[in-house]
Number of protein chains: 2
Amino acid sequence: MSLFIDMDEVIADTYYKHIEIYNHEFQENLTLEDCWGNEVWKAVPEDRQASVRNHANTIGFFRNLKPIQDSQRVLKELSQKYELYIASAAMQFPNSLLEKSEWLDEYFPFIDWKKRILCGDKHILKGDILIDDRSYNLEHFDGRSLLYTSGHNIHTNGFERVSTWQEVADKLL
Amino acid sequence: MSLFIDMDEVIADTYYKHIEIYNHEFQENLTLEDCWGNEVWKAVPEDRQASVRNHANTIGFFRNLKPIQDSQRVLKELSQKYELYIASAAMQFPNSLLEKSEWLDEYFPFIDWKKRILCGDKHILKGDILIDDRSYNLEHFDGRSLLYTSGHNIHTNGFERVSTWQEVADKLL
């Protein structure tokens, strides 16, 4: 059985990184709770939104993300039971490509290059299970779709939802 | 209808580049004909094979390839009739990732980021047609498989074969 796992906001904490960079740049104290239910850029004053939206173009952004809690342990176990692939819509940010490869080498070295996919549309994935935080990626998938909870998708309905990697382990292991 | 197109030796001329670098490095006159039927590295003396096999790890290798003849014109036309995706098994060479993205920007700017896939195994592709020079990529594809002729695969049998982009145009347009 094959299992695709997204990166940003599923195993790599981009949401928190946006807040951290914003607070540093503007000397603010924005919290996760302030942003909850929104994209981070929508939770800041209008004249600062472009700055937050540009984070992903910054050198180092994708290299310096924290792994989401328990993702390393659970993916390691999943990789022993499933054909486990990483599938990240990364092509929009060319500078992210090498950074994502190096980040995986550091935090998920047990997922080798044959099992890594950097793409655009995820409509092209053929497999059994997809775990992703974006409903537009899950909608077109033929197999079982799991929506991984992120600050921006808490109001999204209509998907089987998982909110922690322990929950994923309970469902799939 | 969706159509996946490989990069190396299908739209980007790696085979010729290997010969060019080898001739420059060793002051030789290796020709396409000398290599025909082989991987280039197998067509050189044993003590130089490691050098050729290392070309793909060299900075700039994937950025400085010539597009295969007629590929730009035919892909442009195909992109108007098909959901056209580039699908390259690039993850083995992390330095190739940005170079491939920039190379596509230069020679195939009409294929946007949503339609670019850098991956490992191609077993995960779901679509209608795959054009590739490697039989191991074509074998697992559920749709129509076209083997694009390259020096290394001229003895491979069992696939629908295309040897020029004009032939692809005649079949698919």
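The values are calculated or read from the model by the stated rules, or taken from the named source; none is laboratory data. Here the structure is a predicted model, which means the values were calculated and not measured. Every residue, glycine among them, receives a Cβ derived from its backbone with ideal geometry; neighbour counts consider all protein chains shown. Just so you know, the surface numbers come from the protein's heavy atoms only, side chains and all, with ligands and any DNA or RNA stripped out. Shrake-Rupley method; radii C 1.70, N 1.55, O 1.52, S 1.80 Å.
In region A:86-104, burial by the other protein chains removes 30 Å² or more of 1.4 Å probe accessible surface, compared with the chain on its own, from A:Met91, A:Gln92, A:Pro94, A:Leu97, A:Leu98, A:Ser101.
With Cα atoms defining each centre, region A:130-173 and region B:102-173 are spaced 32 Å apart in the structure.
Between helix B:96-107 and chain B there is an angle of about 60 degrees, using the helix long axis and the longest principal axis of the Cα atoms.
Take the alpha carbon atoms of region B:9-75, find their center, do the same for region A:52-90, and report the distance between the two centers in whole angstrom. Centre-to-centre distance over Cα atoms comes out at 34 Å. Entry comment: accessible area of chain B is 46 Å² per residue, from protein heavy atoms only and a probe of 1.4 Å. Mean partner shielding of peptide B:75-85, defined as the number of other chain Cβ atoms within 10 Å of each residue Cβ, is 1. The mean count of C-beta atoms from other chains within 10 Å of the C-beta of residues in A:105-114, rounded to a whole number, is 2. Averaged over peptide A:123-129, the number of partner chain Cβ atoms lying within 10 Å of each residue's Cβ comes to 5.
Need one word for region A:108-173: rounded, prolate or oblate. Basis is the Cα gyration tensor (sqrt eigenvalues a ≥ b ≥ c); a/c below 1.5 gives rounded, then a/b vs b/c decides. Cα axes put region A:108-173 in the oblate bin. Taking chain A as a Gaussian network of alpha-carbon nodes connected by springs under 10 Å, the highest mean-square fluctuation of the residues A:Gln69, A:Gln92, A:Gln27 belongs to A:Gln27. Placing unit charges on each Cβ (+1 for Lys and Arg, -1 for Asp and Glu) gives the protein assembly as shown a dipole about its Cα centre, and among B:Leu84, A:Trp36, A:Gly120 the Cα reaching farthest toward its positive end belongs to B:Leu84.
Helix-only estimate, please: 222 nm mean residue ellipticity of the protein assembly as shown, summing -39500 (n - 2.57) across DSSP H runs of length 4 or more and dividing by its residues, to the nearest 500.
Details: 14 runs with 120 residues, N = 346.
Calculated at 222 nm, the ellipticity per residue is -9500 deg cm²/dmol.
Of A:Lys17, A:Lys100, A:Lys81, the residue with the greatest mean-square motion in the GNM of chain A, using alpha carbon springs below 10 Å, is A:Lys81. Cross-link partners for B:Lys126 among the aspartates and glutamates, with Cα-Cα distance under 17 Å and sequence neighbours closer than 8 places in the same chain left out: A:Glu83, A:Asp121, A:Asp128, A:Glu139, A:Asp142, B:Asp6, B:Glu83, B:Glu139, B:Asp142. Among B:Phe62, B:Phe93, B:Phe108, the largest mean-square fluctuation in a Gaussian network model of chain B (Cα springs under 10 Å) belongs to B:Phe93.
Heavy-atom surface analysis with a 1.4 Å probe gives the protein assembly as shown a carbon and sulfur content of 45 percent of its accessible area.
To the nearest ten degrees, helix A:71-81 and the longest principal axis of the Cα atoms of chain A are 20 degrees apart.
Let me know the whole percent of all Cα-Cα pairs from region B:35-116 that are separated by more than 19 Å.
Working: 1666 of 3321 pairs.
Cα-Cα pairs of region B:35-116 separated by over 19 Å account for 50 percent.
Just the number, please: buried accessible area between A and B, total of both chains, 1.4 angstrom probe, nearest 100 square angstrom. Buried area between the two chains comes out at roughly 2400 Å².
Using Cβ point charges alone (K and R +1, D and E -1), the dipole size of region A:61-173 about the Cα centre works out to roughly 80 debye.
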